[in-house]
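The values are calculated or read from the model by the stated rules, or taken from the named source; none is laboratory data. Computed from a predicted model, the values in this text were never measured in an experiment. In this analysis, Cβ positions are derived from the backbone assuming ideal geometry, glycine residues included, and neighbour counts consider all displayed protein chains. For the accessible areas, the whole protein counts, side chains as well, though only heavy atoms, and no ligand, DNA or RNA atoms are used. Shrake-Rupley method; radii C 1.70, N 1.55, O 1.52, S 1.80 Å.
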Amino acid sequence: MQVDSLREKFLAFFKSKKHKIVESDSLVPKDDPTVLFTPAGMNQFKKEFLGFDSGFKRAATSQRCLRTDDLDKVGKTNSHHTFFEMLGNFSFGDYFKDEAISWAWEFLTKELKIEEAKLWISVYQDDAEAYKIWKDKIGIPVKKIIKLGDKDNFWPAEAKTKGPNGPCGPCSEIFYDFGADIGCGKPDCSPACDCGRFVEIWNLVFTQFNRKEDGSLEPLPNKNIDTGMGLERLASVMEGKQSNFETDLFVPIVKEIEKHITANPAKKRRDELVYAVADHIRAVVFCIYDGVLPSNESRGYVVRKVIRKSVEHLRSLGIKKQFLNKLVPLVAQVMHTPYPDLKEKQEDIALVILNEEKNFINILDSSDQFVKKAISELVKNTTNLSVDDSQKAGEIAFSLYDTYGVPLQLTKDWLDVKGIKINQEEFDRGFSREMEQQKQRSKAQSAMKGDVFDAKVPDLKLKDTKFTGYKENSVKAEILAILKDGKEIVLDQTPFYAESGGQVGDTGKLVNGKNVFAVLDTQKAGNVILHIGKVISGSFKKGDKVVAEINTERRLNIARNHTATHILQAALRKVLGTHVQQQGSLVAEDKFRFDFTHFKGLSKEEIARVEEVANEYVYKHQAVSCKEMPLKEAKQAGALAFFEEKYGECVRVVSIGDISKELCGGTHLDNVSNIGLIKITSESSVASGIRRIEGVTAGFAEQFIQDEQKKAAEEAKRMENLKELKKQEKKRSIEINICLQDAAPRLISNAVRINAVNLVASLEPGLDMHSLRLLADKVKAELKQGVIALGSQDNEQKRAYLVIAVTQDLLSKGLDAGALIRRVAPLIGGSGGGRPDFAQAGGTKPENLAQAIEELRKVINI
């Protein structure tokens, strides 16, 4: 592909200019809260721009980037994208405008042989220095150099007046002219016109000022260069195509989509939809490649949104079934040269997309139910919505779109089918207002937050601490500094591991004769290791010699758990698939936690299988080896990297035989057999698409199993007791039923007639309230007419129970069981209630039950 050649030529050119070629960073920026995704090539060099010495002053990259602030423009213009590659060259206090401009011009006109007549230049209106270089050194005609203002040719845009604070400066852009027959056709057309004739291909940013809090600009002591050139736009220029979507990067994807179109929209609309999908699938693939799965939060929400927009576009093209996932192999094929490992991951990436497509298509197919549920309250009593309610309906329509992806038109169609009239203007206003607010929220997320470079590391003005803990548990050291009122000590060298990569910091002690400092935690400030704790005895001062000793038993347990997380990841990838990627971890003394990408919860069978495979690996007695090597070599060897980590040029690779190979700076065992046993204690969800496994090893695993067995034995005993109790209850129930069967005829035969009413009244010892109710029902069923009053008592609990039932024929004569029970209940020390035909009462005076029955006789006799 020609585009692969362009990428290689760019990097080779700047390598010849003594630039370090740096591999593309992830789309997920490490330790950078200012952006949601990596939006430009300069983001991974923030520390270098701030003056941090990484061992190079010049760098060049081809950085994968993602921007969503112009999502609605994608497909409608020739050059807007969500995902794109940015070619960039950077200088950190080394060369400046002269070299940056000269090399850009040399690369375009000499290396790529673009006609000079086709190139135009823009400079910042107040940047006389850049203007002079272009005019006098490069020889650009004055009419082809245009001056633009703060919005177009200052970085960040309008930073002088609106901020943010921090490094900033003017920029100069290089434009390609497609010719006078393209665009507006006006004789004075220039790069300032947005008609499409001119396309910006390279932006050179001259970071020479520092914006202060009061808005003033002060010159930077070290001036920097930050350039960016979109590979897709450069490809369109080199391939003679006005649209990026007609280049090698997109044509295979576009053609595959076009093969399956069954609808017949107008050509312009058709192309817009196809191009948008071709762009979006690249964005989705590389987001998942970098560990971002669809969800309702943060980065995952963006991925879900882009997938759903793609599905909508495909439906508009007549492609109703799951199709987006089938484009993944084409993306892997097109991007094979810069990302050869994408092919290995394509099936897992496609599976994630397929799952998301299925869910969304199900939502679309059942959208009627979503709309009905959301809007039913608003239209409950009317089919003609007021102005205010029409606006509310528009807001609800947006909520359905934003939360579930239900397109606006489907909500309108539902309202139309149901005959519900709306004020269309207010409905649209409600929807548009919510949409605009969401766009602002989205832009706020994807735009820079705070100052330009918000990535500060405490500068302790101390030399880096030498770490000896991979091979030594104790070492003689010198105290370089005592900080925070004696609570932190810095040594020249130490075996103490500082918390990082999910592994907790070491504990132990620093000893100088009888002087002892207990180390309770170990942390890092840059490359300086801080021993945090308290003085147990004696005192310490700068320059003292100490013996630094770690808690070796604790370190061994931590090493077991850390090696276990590597084993676990290998087992997860074997059982679930290679899409599993680490998303975070905790490695402590008594447990480990491992977060990973997976789109659904694990079944009990999958958990058991993962645990089984992990322990099979443990039983292999494989040696654990640690080796430092160049990052590129490590990745070529198949070493897994934690996607949020930012790795240096040289990395430490931890290998476990043929089981696992990971980039890792933590402490590990020498042999996996020392893990003893891995036991998974829980599996849960952290976020959509992110699962968490917690577990224990060795003695902690054995203790967990013993505790679980004890719990199981106790539960078995409880269940056995419960079973025996139910057996006894069943036996008693049978006995009571027999007793009740015998009691009913006896009670009826003893009925007395009072005032033309049959009264069955009796105290039945040993019956609870439930049994009394059953007995009353049996008597009532056989007694044609009458009142039944039955009482019982629980002497141990000192409780009295009383039920009264009235046959149906007596209800019309004014007898009411509820009224009768309320009349006599106070006598037994309680209260009661119920229906006219049945009522019950409980009380604390069982000794008065006979009195209550007698009172009932009197009431009936009135």
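Remarks
- Number of the condition not met by Leu11 [criteria: (1) in contact with a helix residue (DSSP H, G or I) (Cβ under 7 Å, 6 or more places away or on another chain); (2) open to solvent by less than 60 Å² (accessible area, probe 1.4 Å); (3) modelled with pLDDT of 85 or more]: (1)
- Some residue of region 112-122 being polar (S, T, N, Q) and in a strand (DSSP E or B): yes
- So Gln709, is it of a type in the set (S, T, N, Q), under 27 Å from Leu763 (Cα atoms), in a helix (DSSP H, G or I) and open to solvent by 100 Å² or more (accessible area, probe 1.4 Å): no
- Failed item, numbered, when Leu763 is tested on (1) at pLDDT below 90; (2) buried (at least 16 other Cβ atoms within 10 Å of the Cβ); (3) within 30 Å of Glu729 (Cα to Cα): (1)
- Filter result (of a type in the set (Lys, Arg) and in a loop (DSSP other than H, G, I, E, B)) within region 202-233: Lys212
- When each of Thr207, Thr227 is tested for being farther than 21 Å from Ser79 by Cβ and in contact (Cβ under 8 Å) with a residue 24 or more places away in the chain, the lone residue that passes is Thr207.
- Within region 785-799, tally of residues that are touching a residue at least 24 places away in the same chain (Cβ under 8 Å) and either open to solvent by 10 Å² or more (accessible area, probe 1.4 Å) or among the β-branched types (Val, Ile, Thr) (or both): 8
- Residues being of a type in the set (Val, Ile, Thr) and not in a strand (DSSP E or B) are represented in region 646-661 by at least one member.
- Selected residue (only one of Phe107, Phe92, Phe84 is touching a Gly at 6+ places or on another chain (Cβ under 7 Å) and farther than 20 Å from Leu148 by Cβ): Phe84
- In region 166-188, the residues that are farther than 30 Å from Glu129 by Cβ and open to solvent by 30 Å² or more (accessible area, probe 1.4 Å): Ala180, Asp181, Ile182, Gly183, Cys184, Gly185, Lys186, Pro187
- Odd one out for Ala805 among (1) closer than 22 Å to Asn737 by Cβ; (2) surrounded by fewer than 20 Cβ atoms within 10 Å (Cβ to Cβ): (2)
- Condition met for Asn615 (within 31 Å of the chain's Cα centre (by Cα) and either modelled with pLDDT of 95 or more or within 23 Å of Tyr470 (Cα to Cα) (or both)): yes
- A single member of Asn203, Asn222, Asn210 is modelled with pLDDT of 95 or more, open to solvent by 20 Å² or more (accessible area, probe 1.4 Å) and within 26 Å of Trp103 (Cα to Cα), and it is Asn203.
- For region 158-171, the tally of residues that are in a helix (DSSP H, G or I) and either touching a Phe, Trp or Tyr at 6+ places or on another chain (Cβ under 7 Å) or touching a residue at least 24 places away in the same chain (Cβ under 8 Å) (or both) stands at 3.
- Among the residues of region 79-102, those identified as among the small types (Gly, Ala, Ser) and assigned to a helix (DSSP H, G or I) are Ala100, Ser102.
- For region 473-559, the strands (runs of 3 or more DSSP E) that sit wholly inside it and include 2 or more residues that are open to solvent by 40 Å² or more (accessible area, probe 1.4 Å) and under 30 Å from Leu677 (Cα atoms) are 515-525.
- Scope region 21-31; condition farther than 14 Å from Glu85 by Cβ, open to solvent by 20 Å² or more (accessible area, probe 1.4 Å) and either within 23 Å of the chain's Cα centre (by Cα) or of a type outside the set (A, V, I, L, M) (or both); matching residues: Lys30, Asp31
- Tally, over region 608-641, of residues that are more than 30 Å from Ile21 (Cα to Cα), assigned to a helix (DSSP H, G or I) and either of a type in the set (Phe, Trp, Tyr) or out of contact with any Gly (no Cβ under 9 Å at 6 or more places or on another chain) (or both): 8
- Within region 172-193, the residues that satisfy the criterion of being in a loop (DSSP other than H, G, I, E, B) and in contact (Cβ under 8 Å) with a residue 40 or more places away in the chain are Phe178, Ile182, Ser190, Pro191, Ala192.
- Taking region 259-272 as the range and being in a helix (DSSP H, G or I) and within 9 Å of Leu317 (Cα to Cα) as the test, only Arg270 passes.
- First in region 315-331 and among the polar types (S, T, N, Q), second anywhere and assigned to a loop (DSSP other than H, G, I, E, B), Cβ under 7 Å, 6 or more apart: Ser316/Ala263; Ser316/Pro265
- Residue in region 233-249 that is farther than 24 Å from Ala40 by Cβ, surrounded by fewer than 22 Cβ atoms within 10 Å (Cβ to Cβ) and within 34 Å of the chain's Cα centre (by Cα) present: no
- Number of positions in region 69-81 that are open to solvent by 20 Å² or more (accessible area, probe 1.4 Å) and among the β-branched types (Val, Ile, Thr): 1
- Considering (1) within 19 Å of Leu572 (Cα to Cα); (2) without any contact (Cβ under 8 Å) to a residue 12 or more places away in the chain; (3) of a type in the set (Lys, Arg), the lone condition that Arg691 does not fulfil carries the number (2).
- Hey, Phe360 aromatic (Phe, Trp, Tyr), farther than 25 Å from Leu71 by Cα and modelled with pLDDT under 95 or not: no
- Taken over region 369-416, the criterion of being acidic (Asp, Glu), within 21 Å of Leu314 (Cβ to Cβ) and touching a residue at least 12 places away in the same chain (Cβ under 8 Å) is satisfied by Asp402 alone.
- On the stretch given as region 163-182, residues that are more than 29 Å from Gly196 (Cα to Cα), touching an Asp or Glu at 6+ places or on another chain (Cβ under 8 Å) and of a type outside the set (Gly, Ala, Ser) total 2.
- Single unsatisfied condition, Glu85 versus (1) within 34 Å of the chain's Cα centre (by Cα); (2) at pLDDT 95 or above; (3) surrounded by fewer than 21 Cβ atoms within 10 Å (Cβ to Cβ); (4) not hydrophobic (A, V, I, L, M, F, W, C): (3)
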